[in-house]
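Data first, discussion second: the structure below is written as structure tokens.
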Amino acid sequence: MKIFFIFSLLATSYVFALWKYGGMDNSVATKWNSLFEYERKALDLAKDKRVLEAQISDLKYQIAELQSKNKFLSAQMKQGTNEGSAAKRSIASIPKTSASDLVSFEVYKWTPDKLLAIGEKELHHKNYEKSAQFYNELINRYPKHELVSDRVLFGAGVAAFETGKRYDWTEKHLDKLVKAYPKSEFYRGAKLWLALAQYNQGEHQKFLSTVEEFRLKYRNTEEWKILSRYYEDISYKIKN
């Protein structure tokens, strides 16, 4: 867009100069200016379209969440109209969830696409615990679903790591990624986060094994710069 703006500015100046010094008549100059004005408007509309699409995506997520909550509340109200023992049995049949369970799958019966949408959204907003739980639920409930890709496994691993406590989830998701997708664009990043998760869990031998590939193949990468200090520290402790 910046390149187009510079080009447009230069072209407009050129057209104006031609018109001013007799190299172009008014009608041609007007057509040139109209053309660039249309192009400018087209770019502005494209930008507005992207903003609107992002807002629509966010609204769809909110609608999906509200629909799920509405179904649950409707079920509660319907059960509340029953009397006596029938009402008690209905209330007792409502699944109980832990306060730490942010997914409540047995209540909302999330579909794979909604689990993924919420997982990605919460990761974007740095709500790592909620993101990690939704990603984890997706991968555990629908392990063979087409949505469970290398990108999803990577997002799940990062979200779990950033909670500061779910390193076992990180290890599970990223170990699956590096084994199933050795040519993935997320491969090196997955190896990095996987190694750090192993380090934080005190799994030093696993850590060294994971990082050894970087030491041999990727010494000029940013990932190695991060891992090297951990590698040297663990190597020293084990040897001594």
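Do we find that Lys165 is under 18 Å from the mean Cα position of the chain (by Cα), of a type in the set (Lys, Arg), part of a loop (DSSP other than H, G, I, E, B) and surrounded by fewer than 19 Cβ atoms within 10 Å (Cβ to Cβ) in this structure? No, not satisfied. No other residue among Leu216, Leu208 is farther than 22 Å from Asn136 by Cβ, buried (at least 18 other Cβ atoms within 10 Å of the Cβ), over 20 Å from the mean Cα position of the chain (by Cα) and not polar (S, T, N, Q) apart from Leu208. A single entry from Glu223, Glu185, Glu232, Glu146 fulfils the requirement of being assigned by TED's automatic domain parsing to the domain that holds Lys109, farther than 21 Å from Leu102 by Cβ and more than 21 Å from the chain's Cα centre (by Cα): Glu232.
The values are calculated or read from the model by the stated rules, or taken from the named source; none is laboratory data. As the structure is a computational prediction, the values presented were derived from the model and not from experiment. Here Cβ is always computed from backbone atoms with ideal geometry, including for glycine, and neighbour counts include all displayed protein chains.
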